[in-house]
Amino acid sequence: MPFSDLREFVAHLERRGRLRRVTAPVSRDLEITEIVDRVSKSGGEANVALLFERVEGFDVPVLANAFGSADRMAMALGADRLDDLGARIAKLLDLKMPGSFLDKLRKLGTLLDVARAAPRRVSDAPCQEIVETTNPSLAGLPILTCWPHDGGRYITLPAVFTRDPVSGARNVGMYRLQMFDDRTLGMHWQTHKGGAEHEHRATSRMPVAIALGGDPAMIYAASAPLPPGIDEVVFAGWLRGAGVELVACRTIDLEVPAQAEIVLEGYVDPTERRLEGPFGDHTGYYSLAREYPVFHLTALTRRARPIYPTTIVGRPPQEDYWLGKATERIFLPIMKLMLPEIVDVNMPAEGVFHNMVIVSIRKRYPGQARKVMQALWGMGLMMLAKTIVVVSEHVNVHDLSEVAWRATGNIDPRRDLVILEGPMDDLDHAALRHRYGGKLGVDATEKGPLDDVVQAWPEEIRMSDEVRNLVTRRWSDYGF
């Protein structure tokens, strides 16, 4: 079922026993982070969404870890399992549709049921119950200091709305925002992302709106690296089965989700930069302080009694891993559209999205593993992947122990490692230089005559099915 807003999702989690209300007073400075970090890493039933109801100095509750598990991420998008979302995408795709890969991706945007998924404009909105246009201020928001050496307080779960100054196309992205003062924020949109592309094309002040909260599908869509030509708002509407309600901002020419909790309206001047960071990031390290654009607040609108949504990032696993896992499962069919030999993909938490991609393939010809690596490096933001490990189709890519066994036992380093250079993630601290560095491909498939291996490839140890079935039938006879 689609959730109309964040509080409806919170109520659903509470009914399912997947939310804990924290009524003890807590500080927004570091304390909330430590609590969330422990809960998000606890696993099982102890890993729940957290609603902090008494944040010292504020009358606004803080919601964290709402999407921090497979079941909660699936619930947020109206599914029982994350793989169900990929199945929905697969049904949209005609694998025989003509044209290049980019042509197919552009056509994917037309396959969405626009009649149901398109946004709906409204004139009255919960996010504008309170409107501050004269001396708007961020001071009333419980923006967190997350880690001891952060450069300041950070907004970490925003949906940032911009429009291309040339084409008018909308982009919604999720970029961290450092609070410089009550009227300005550091806008950390990375050079490979849509918001940065819009700013690059701007010749004067560019309107920007920052929505906090709203329906869960819209929050997720802001984080998703969508193919070209797909509007995040339409995609959110398709996920939730109903169009997202949008309302016009009060001081800028943009629209925002009407059901948001809080909206920050303002602008970015493409000629202005300020030092942003450091920030304790999802890599488990502090990303370095660098020059980034500055967001200037022109209005703050909100519900009368808003919830402030946030996420904690740091050494994985954290909540952002599950946002990324949803993207992995949703877009696996698109990878298969481009590369039909792909069986499955895993971007494990330990790889923090861009450091490790494990892919299994049906191998038929020499060099096929390398072809898959190079194709993936050419696919949108997969260009930022540092390491790609390719295994055979029978390997469970989600079993890291099995993958490590295959990736160490099935390779000869001189033959099976591919090293090249290319674009790197903004946050990669080990790169040769900022945003550029080396990449590693590992062909961990079994080798045989196709690969001109001189020595015979050994048979893998497996018990016969006959004996396995016998032991299964007699298991209780052995006293187990």
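None of the figures in this text is laboratory data; all of them are computed from the coordinates on show. Since the structure is predicted, the reported quantities are computational estimates derived from the model, not experimental observations. Because the Cβ atoms are built from the backbone with ideal geometry, glycine has one as well, and the counts that use them run over all protein chains shown.
Any idea what the relative contact order of the chain is, in percent, if you count C-alpha pairs under 8 Å spaced at least 6 apart? That works out to 15 percent. Phi angles of region 47-56 translate, via the Karplus equation with coefficients 6.51, -1.76, 1.60 and θ = phi - 60°, into HN-Hα couplings of 8, 10, 5, 10, 10, 8, 8, 10, 8, 4 Hz per residue; Gly and Pro are given as x. Between the amide H of Arg315 and those of Gly284, distances stay under 5 Å, these residues lying 5 or more places away or on another chain, with hydrogens modeled in the peptide plane.
Given +1 on the Cβ of Lys and Arg, -1 on the Cβ of Asp and Glu, and no further charges, what dipole in debye does the chain carry about its Cα centre, rounded to the nearest 20?
For this selection, approximately 680 debye.
Expressed in nm to one decimal, what extension gain is obtained for the pair Asn135 and Asp71 from 0.36 nm per residue of sequence separation less their Cα-Cα distance? Numbers along the way, then the final one.
Values: separation 64, 0.36 × 64 = 23.04 nm, distance 4.19 nm.
Contour length minus Cα-Cα distance gives 18.9 nm.
The modelled label-to-label distance between Lys41 and Arg462, using points 7 Å beyond Cα along the C-beta direction, is 3.9 nm. Take the cross-link list Lys193/Lys371; Lys325/Lys439; Lys91/Lys336; Lys41/Lys439 and give me the ones stretching past 19 Å between alpha-carbons. Pairs exceeding 19 Å: Lys193/Lys371; Lys325/Lys439; Lys41/Lys439.
Highest mean first, what order results for 356-363, 190-197, 470-477, 302-309 on Cβ atoms within 10 Å?
Numbers: 356-363: 21.9, 190-197: 18.1, 470-477: 9.4, 302-309: 20.0.
Highest-to-lowest ranking by the protection proxy: 356-363, 302-309, 190-197, 470-477.
Determine which residues of region 378-395 fall in the zone a paramagnetic label at Ala404 would reach in this model, i.e. backbone nitrogen under 19 Å from the point 7 Å along Cα→Cβ. Answer for region 378-395: 387-392, 395. The amide H of Glu276, built 1.01 Å from its N in the peptide plane, has Arg290, Glu291, Tyr292 as neighbours under 5 Å, considering only residues 5 or more places off or on other chains.
Nearest-5 percent of antiparallel DSSP beta bridges in the chain?
On the way: 58 of 78 bridges.
Counting DSSP beta bridges with both partners in the chain, the antiparallel share is about 75 percent.
Mind checking which aspartates and glutamates have their C-alpha under 18 Å from Lys386, skipping anything on the same chain fewer than 8 residues away? Within the straight-line cut-off, Lys386 pairs with Asp281, Glu328, Glu350, Asp416, Glu421, Asp425, Asp426, Asp428, Asp443. When the Cα convex hull of the chain is projected onto planes of every orientation, the mean area is 26.4 nm². Each part reduced to its alpha carbon centroid, region 336-388 and region 393-445 end up 10 Å apart. Shown here are the Rg and Dmax of the Cα trace of region 339-451, at 13.4, 42 Å. Exposure proxy shown here: for Thr23, Thr311, the number of other Cβ atoms within 10 Å sets the order, fewest to most, as Thr23, Thr311.
Karplus-derived 3J(HN,Hα) values for region 342-357, using 6.51 cos²θ - 1.76 cosθ + 1.60 with θ = phi - 60°, are 5, 9, 7, 9, 9, 10, x, 4, 5, x, 6, 6, 8, 8, 8, 10 Hz; glycine and proline are entered as x.
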